[in-house]
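Here is the structure we will look at.
The values are calculated or read from the model by the stated rules, or taken from the named source; none is laboratory data. Computed from a predicted structure; not experimentally measured. Cβ coordinates were reconstructed from backbone atoms using ideal geometry, including for glycine residues, and neighbour counts include every protein chain displayed. Each accessible area value is taken on the protein alone, full model and side chains, heavy atoms only, with ligands, DNA and RNA left out. Shrake-Rupley method; radii C 1.70, N 1.55, O 1.52, S 1.80 Å.
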Amino acid sequence: MEEIRLRAFAKINLFLEVLNKRPDGYHDIETIFQSVNLHDTLVVRKTGRRPHQHMIRCNPDVVPLNQNNLTWKAVSLLQSCYPQVGAVDIEIQKRIPVSGGLGGGSSNAAAVLFAINELYDLGLTLPQLSLFGSKLGADVPFFFLGGTALGRGIGDQLTPLQLMHNFDVILANPGVHISTPTVFQNLKLPLTSERQDVRIVARCVEQGLLPELGVGLFNRLEEFVLVEYPSVARLKRELSRTVSYGTLMSGSGATVFSLVAETEDIRSSIDVLQCPSSFRTRTASIGLEIA
Ligand code: ATP
């Protein structure tokens, strides 16, 4: 096989609580990941160039096209263990907003690990790919599982959850760039007694209790972001006024989402948002797939 085309889906976090700071500087969290039906498309192609001469193209041109791109890092990581992996061309058609808390970079990285495994017949299993993924970013392993999952540790220890009912999701991104490390550095850790319980949201997911799920949506990182980034707070307020079960910021922002029933006609509500990047999507059961 000379080339492979993949869809790499976005995620939202239905729940995110921060437990403690670890000696290595990362934070232990409890989160519920949910795949949504918004995807980037990637084509990965073998080339005859020297091993580290990769070439990345992205349309629109919104991410680094060099060693700083997570997809480049994904190839390099596998090359460090499997010398037979050569230089590749990577084309990324971006739809997932960048730095949006939707895991776009992580999802692209997972897709490229998957692609290299196929193109070079490395024979790695999904758990093995997932382990490589965790070296690139805490969210990367989730995309090998997709669907709905409880994440513990730094978000990389995953337990699949059964989503009883699909639902529609409105995503709205105000276009501001929020640095994830900055959000974590400025976070005030909750006391143990203040922590929100992930099991409540997990139960709502598995029992299909949409109204209760809407009420239980929680993200500890909002405390800092909504104060420091008024545009995110304003968007959340506006989105809360639409017909929805609940509204929340995803990951470290800046995307805000709300859960709506499939039957709701909310076109006019989306138009009212006056947000450059807002659209309706839907829960998905996969993190990536061959296109
Ligand atoms: P997460 O939700 O996993 O914290 P995010 O959705 O907030 O991530 P990304 O879109 O993954 O953010 O981008 C984070 C950073 O990674 C940006 O600075 C971006 O330039 C960089 N980056 C590197 N490679 C990619 C890629 N292939 N796609 C998107 N961003 C990338």
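For the stretch 178-207, filtering for residues that are open to solvent by 20 Å² or more (accessible area, probe 1.4 Å) and either in contact with a His (Cβ under 9 Å, 6 or more places away or on another chain) or under 26 Å from residue 159 (Cα atoms) (or both) leaves 17. Candidates in the stretch 107-126 are the residues that are free of Cβ contacts under 8 Å to residues at least 60 places away in the same chain and outside any loop (DSSP other than H, G, I, E, B); of these, the one that is nearest to the ligand (Cβ to nearest atom) is 109. Within the stretch 75-95, identify whether any single residue is over 22 Å from residue 2 (Cα atoms) and under 13 Å from the mean Cα position of the chain (by Cα), and answer yes or no. Yes, because at least one residue in the stretch 75-95 is over 22 Å from residue 2 (Cα atoms) and under 13 Å from the mean Cα position of the chain (by Cα). Taken as a whole, the structure leaves residue 228 outside the set of residues that are more than 22 Å from residue 277 (Cβ to Cβ), acidic (Asp, Glu) and open to solvent by 70 Å² or more (accessible area, probe 1.4 Å). Sort out which residues of the stretch 239-288 are modelled with pLDDT under 75 and either of a type outside the set (D, E, K, R) or within 16 Å of the ligand (Cβ to nearest atom) (or both), and write them in order of number. 243, 263, 266, 268, 269, 270, 272, 273, 274, 275, 276, listed by residue number. State all residues of the stretch 47-77 that are assigned to a strand (DSSP E or B) and either open to solvent by less than 60 Å² (accessible area, probe 1.4 Å) or near the ligand (Cβ under 9 Å from one of its atoms) (or both); if no residue qualifies, say none. 56, 58 - these are the residues of the stretch 47-77 that are assigned to a strand (DSSP E or B) and either open to solvent by less than 60 Å² (accessible area, probe 1.4 Å) or near the ligand (Cβ under 9 Å from one of its atoms) (or both). None of 178, 170 is in contact (Cβ under 8 Å) with a residue 40 or more places away in the chain and more than 15 Å from residue 14 (Cα to Cα) except 178. Residues of the stretch 187-198 include none that is assigned by TED's automatic domain parsing to the domain that holds residue 255 and more than 26 Å from residue 246 (Cα to Cα).
Got at least one residue in the stretch 38-46 being surrounded by 15 or more Cβ atoms within 10 Å (Cβ to Cβ) and either assigned to a loop (DSSP other than H, G, I, E, B) or assigned by TED's automatic domain parsing to the domain that holds residue 199 (or both)? No - not one qualifying residue is present in the stretch 38-46.
Inside the stretch 173-244, counting only helices (runs of 4 or more DSSP H) that do not spill past its ends, which hold 3 or more residues that are more than 21 Å from residue 280 (Cα to Cα)? Spell out the reasoning first.
Details: elements: 180-185, 198-207, 210-216, 222-228, 230-240.
Of the helices (runs of 4 or more DSSP H) lying wholly inside the stretch 173-244, those with at least 3 residues that are more than 21 Å from residue 280 (Cα to Cα) span 180-185, 198-207, 222-228.
I want to confirm something. Restricting to the stretch 78-105 and keeping residues that are in a helix (DSSP H, G or I) and out of contact with any Lys or Arg (no Cβ under 8 Å at 6 or more places or on another chain), which single residue is nearest to the ligand (Cβ to nearest atom)? Quick ask: steps written out before the conclusion?
Our first condition is that a residue be in a helix (DSSP H, G or I); within the stretch 78-105, this holds for 78-81, 104-105.
Among the residues that remain, those that are also out of contact with any Lys or Arg (no Cβ under 8 Å at 6 or more places or on another chain) are: 78-81, 105.
Working: 78: 16, 79: 17, 80: 18, 81: 21, 105: 3 Å.
The qualifying residue nearest to the ligand (Cβ to nearest atom) is 105.
Can you tell me how many residues in the stretch 92-115 are surrounded by 21 or more Cβ atoms within 10 Å (Cβ to Cβ) and touching a strand residue (DSSP E or B) at 6+ places or on another chain (Cβ under 7 Å)? First the steps, then the outcome.
Of the stretch 92-115, the ones surrounded by 21 or more Cβ atoms within 10 Å (Cβ to Cβ) are 92, 96-97, 99-115.
Cutting the leftovers down to touching a strand residue (DSSP E or B) at 6+ places or on another chain (Cβ under 7 Å) gives us 92, 96-97, 100-104, 107-108, 110-112, 114-115.
Number satisfying all stated conditions: 15.
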